[in-house]
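Everything on this sheet refers to the single structure shown next.
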Amino acid sequence: MKTRIAALVMVGLLALYLVFVINYSFILIGTGELIAQVMGWALLVLPLIGFWALAAELVFIFRAERLLNTLRDEGALPEEVDERRPSGRPDPEAADRAFELYREEAEASPESWRAWLRLGLAYDASGDRSRARWATRRAISLSRSSAQKAA
């Protein structure tokens, strides 16, 4: 819960910052000087990209959390890696051994969002964040397509 509150505070601060940047860009555009106007338009484009990226990230988080809660309710979450470093993070070698099981499951069931989400969690446990996000995005995509087929 603390993580969610911290994330929401950061989202709020980022949104406030972007609002101030947009306001300043309108001030620069209204000066009548060419250089200031160009800077104002550039400052206007960057917050729009920021808002888009923020929205995309929030959508990803909410969809992944929904799938994770479904797996939790089904009792189908992957087993925790028991071997840990002193920092509390999973031991990479133990996570890699557990990872193989979930990789094989995803290869055997390429249309199963559950298998892909478990693979994403295994990637995350072994410290490979980019592949964890990729596998989770694949799980979200498969879940959405299976929901559309069911409807």
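The values are calculated or read from the model by the stated rules, or taken from the named source; none is laboratory data. Here the structure is a predicted model, which means the values were calculated and not measured. All Cβ positions, glycine included, derive from the backbone under ideal geometry; neighbour counts span all protein chains shown.
Evaluation of A132 against the conditions (1) touching a Gly at 6+ places or on another chain (Cβ under 6 Å); (2) not in a helix (DSSP H, G or I) shows that the sole unmet condition is (2).
Counting only residues that are among the polar types (S, T, N, Q) and within 23 Å of E79 (Cβ to Cβ), region 131-151 holds 2 of them. Considering region 118-129, the residues that are under 16 Å from the mean Cα position of the chain (by Cα) and in a loop (DSSP other than H, G, I, E, B) include one that is modelled with the highest pLDDT, namely D128. Annotation note: of L68, L48, L14, the sole residue that is without any contact (Cβ under 8 Å) to a residue 60 or more places away in the chain, within 22 Å of Y123 (Cβ to Cβ), surrounded by 11 or more Cβ atoms within 10 Å (Cβ to Cβ) and of a type in the set (A, V, I, L, M) is L68.
Among the residues making up region 109-119, those that are free of Cβ contacts under 8 Å to residues at least 40 places away in the same chain and either crowded, with 18+ Cβ neighbours inside 10 Å or among the charged types (D, E, K, R) (or both) are E111, A115, W116, L119. Checking the structure you have, find out if any residue of region 97-117 is within 30 Å of G12 (Cα to Cα) and modelled with pLDDT of 80 or more. Within region 97-117, one or more residues are within 30 Å of G12 (Cα to Cα) and modelled with pLDDT of 80 or more. Count of region 1-48 residues, restricted to those that are of a type in the set (D, E, K, R) and modelled with pLDDT of 90 or more, is 1.
Note on region 59-88: residues that are out of contact with any helix residue (DSSP H, G or I) (no Cβ under 6 Å at 6 or more places or on another chain), among the acidic types (D, E) and at pLDDT below 75 amount to 3.
Residue check: is R97 within 16 Å of W134 (Cα to Cα) and either touching a Lys or Arg at 6+ places or on another chain (Cβ under 8 Å) or assigned by TED's automatic domain parsing to the domain that holds T136 (or both)? When the stated conditions are applied, R97 does not pass them. What about E105, is it crowded, with 16+ Cβ neighbours inside 10 Å, without any contact (Cβ under 8 Å) to a residue 24 or more places away in the chain and closer than 25 Å to S143 by Cβ? Yes.
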